[in-house]
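A short reminder: the numbers here are calculations on the coordinates, not readings from a lab. Being a predicted model, the structure only gives us computed values, none of them experimental. Backbone-built Cβ (ideal geometry, glycine too); neighbour counts: all protein chains shown.
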Amino acid sequence: MSLRNKVSIKEFSFYYGSVPALKRINLEIRANEIFAIFGPARSGKTTLLKSLNRLTDLVYGARHTGTILLDEKDIYDPKLSLTQLRRRVGIVFDLPIALPMSIYENVAYGPRLNGITRKKQLDETVGKALRSGALWEEVKDRLHTSALRLSGGQQQRLCIARILALEPEVLLLDEPCSGLDPISTASIEETLTRLKKDYTIVLVPHNIQQASRVADRAGFFLNGELIEEGTAYQIFTGPKEKQTEDYVTGRFG
Amino acid sequence: MRINRKRYLTQNVAKILIWMAALSTMGVMALIILQVLSEGIPVFSPRFFLDSPRSMGREGGIFSTIIGTIALTVVAIVVATPLGVGTAIFLGEYTREGRISRVIRFGIGCLAGVPSIIFGLFGFVFFVIYLNMGWSILSGGLALAAMILPTIICTAEEALKAIPYSFREVSYSLGGTKWETVTRAILPNAIPGIFTGIILGVCRSIEETAVVILTAGSSLIIPTSLFAPVRTMSVHFYILAREGISMEMAYGTGAALILLVLFVNIVANWRLNRYIRKRA
């Protein structure tokens, strides 16, 4: 883990219409760490995640104040290319959403958009991404069959591989194991720990146990506010705030 | 006990009525088709399909009217499909519900409710006379395109609406632009629905009489250009029957028309199922 800040969130508030979803968040995420954002439902976790690659732009009537920096550059700068930002900051959603096309085409979707069209190069990118996503061994003989025939866990690893094919810098994961069995979950957690070397990972964990297993640092969110942040060890063993302690020890949530 | 008997009775009466409704619909349909086919099929022969009509259609075949029907339908579909699908994409993907989309929807609703003879009149005044295209394949095809446009727009829009929002989110999150998202993540999945609308348009074009008689003329000569007048099978049928030229030939034409529509539907279904199976 380096100490360089990859993402800096500064005084960031976000509103759906007039309803605030995030309230003046200040948070630094360091390069090559796994940062866990956890908290109860409707605490603003997903909104924060989607703000990091501006997928929140798709929501009608949403607005924000404050800003977010990626490598010291404002991601809301009007001159910045949105497609470029989304290539650098990839997201995996809570439900595995495989597009109804072949496994190969799913992974090749992003690289194709980025102008990789030569078959050989595409083959290489897809193979590499599926290996990093720990799915290669299971699908290498049926790359051209429909992705919809994969199991839930496989589809979620496909979604991770699909993002990795873009070689992003930051990986956002929104409860990537929510619908999965323990074995698939273990396989994805293992993948994440391995990927940390090359990526900065922001994870909304499936539960506290998962956060404590994989995260380097963590932040506790409640009702759109960042209550506390710190190293995972400190947050999960000796939180400073009463609310964090109540949540971590299972008194609510 | 008594209540149970009443419920039992209601249940059975409802069942009988609903069966009767379905059966009588099917019965009427079967009756029409069987009547036309049984009167028409005896006229069928290779010459009937391969010769053009002679002496007003009393003799010869219906070859030129088959060509006319196909030519008009092709023009109508080629014009209406990009316009209709484009409009549906605009309404579904490029604009939020607002004044513009409401005006367009209102327009589509009005178009859909207009009787076909009005499209014929419009085509006659605008394409045939004002644009000086005369009675021709082009005039007829354009008027038919206007008629089937609402059908294609509505079905395409429904098909686009049925694509989960998450597909769009995935495509954007992988760095896709709006256009790339529409063409790569949305349209390929909406194709079965859009295709259904196009086939409806094809069938309506094949069967349409009122529009065509006012815009494409009733020439029995095999057309050689888009500006040539033609007579379609439905117009041929109408003229043969109405002028009392030959009921025999009229039934033959009608039977051929029904079989053509049936054929289009069967082929379309088959292609569609193959497309869906290949992707699933």
Using θ = phi - 60° and Karplus 6.51 cos²θ - 1.76 cosθ + 1.60, couplings along region B:15-27 (whole Hz; Gly, Pro as x):
4, 5, 4, 5, 4, 5, 4, 5, 5, 5, 4, 5, x
Where does helix A:152-164 land angle-wise versus the long Cα axis of chain A, in degrees 0 to 90, nearest 10?
90 degrees
Just to confirm a number: summing +1 for Lys and Arg and -1 for Asp and Glu over residues other than A:P96 whose beta-carbon lies under 12 angstrom from that of A:P96, what do you get?
-1
I'm a student and want to see the number: the projected area of the Cα convex hull of region B:31-81, averaged over all directions, in nm².
4.9 nm²
Taking a quarter of the surface of the convex hull around the Cα atoms of region B:107-214, what do you get in nm²?
7.9 nm²
Across peptide A:161-173, how many C-beta atoms of other chains are within 10 Å of each residue C-beta, on average?
1
Ordered by packing density, taken as the mean number of other Cβ atoms within 10 Å over each peptide's residues, highest first, how do B:82-90, B:233-241, A:12-20 rank?
B:233-241, B:82-90, A:12-20
With each run of n ≥ 4 DSSP H residues scored as -39500 (n - 2.57), what mean residue ellipticity at 222 nm is computed for chain B after dividing by its residue count and rounding to the nearest 500 deg cm²/dmol?
-24000 deg cm²/dmol
Magnitude of the charge dipole, the protein assembly as shown, Cβ model with Lys/Arg +1 and Asp/Glu -1, debye to 20:
480 debye
Roughly how many debye, to the nearest 20, is the charge dipole of region B:47-279 about its Cα centre, given +1 on each Lys and Arg Cβ, -1 on each Asp and Glu Cβ, and no other charges?
560 debye
Bins of 10 Å, starting at 0 and running to the largest distance - Cα pair percent for the protein assembly as shown
4, 14, 19, 17, 14, 13, 11, 6, 2, 0, 0
Near the amide H of A:I91, under 5 Å away, which other amide H atoms are found, from residues 5 or more places off or on another chain, if H is placed in the peptide plane?
A:L172
Within 10 Å of each Cβ of A:89-101, how many other protein chain Cβ atoms are there on average?
4
I need two numbers for region B:2-42: Rg to one decimal and Dmax as a whole number, Cα atoms only, in Å.
17.6, 59
Once the Cα gyration tensor of region B:1-138 is diagonalised, semi-axes √(5λ) in Å:
42, 34, 13
On a 0 to 90° scale, report how tilted helix A:103-113 is relative to the longest principal axis of chain A, with both axes built from alpha carbons and the result rounded to the nearest 10.
70 degrees
In Å, what Rg and Dmax follow from the Cα atoms of region A:5-248?
17.9, 56
Could you give me the ³J(HN,Hα) list for region B:32-49, computed from phi with Karplus coefficients 6.51, -1.76, 1.60 and θ = phi - 60°, whole Hz, x at Gly and Pro?
4, 4, 5, 4, 5, 5, 5, 7, x, 4, x, 6, 4, 6, x, 5, 4, 8
Shielding of B:184-193 by other chains, given as the mean Cβ count within 10 Å, works out to 2
Any idea which of A:F35, A:A62, A:T249 is furthest toward the positive side of the dipole for the protein assembly as shown, if Lys and Arg beta-carbons carry +1 and Asp and Glu beta-carbons -1?
A:T249
Can you bin every Cα-Cα distance in chain B into 5 Å intervals starting at zero and give me the percent of pairs per bin, rounded to whole numbers?
1, 5, 10, 12, 13, 13, 12, 10, 8, 6, 4, 3, 1, 1, 0, 0
Name the long-range amide H neighbours of B:G61: under 5 Å, sequence gap of 5 or more, or other chain; modelled H, no Pro or chain starts.
B:D51, B:S52, B:R54
Options A:P78, A:A161, A:L172, ranked by Cα towards positive dipole end of region A:5-248, top entry (Cβ charges)
A:P78
Using the crude model of +1 on Lys and Arg Cβ and -1 on Asp and Glu Cβ, and no other charge, please compute the dipole size for region A:5-248 relative to its Cα centre, in debye to 20.
720 debye
Mean residue ellipticity at 222 nm from the helices of chain A, using -39,500 (n - 2.57) per DSSP H segment of n ≥ 4 over the full residue count, to the nearest 500 deg cm²/dmol?
-10000 deg cm²/dmol
If region B:140-280 were replaced by its equivalent ellipsoid, with semi-axes equal to the square roots of 5 times the Cα gyration tensor eigenvalues, what would those be, largest first, whole Å?
40, 17, 11
Out of residues 5 or more away from A:L222 or on other chains, whose amide H comes under 5 Å of its own, with H placed 1.01 Å from N in the peptide plane?
A:I227
Relative contact order, percent, region A:5-248 [alpha-carbon distance under 8 Å, six or more residues apart]:
27 percent
Working from Cα positions, state the angle (0 to 90°, nearest 10) between the long axis of helix A:119-132 and the longest principal axis of chain A.
50 degrees
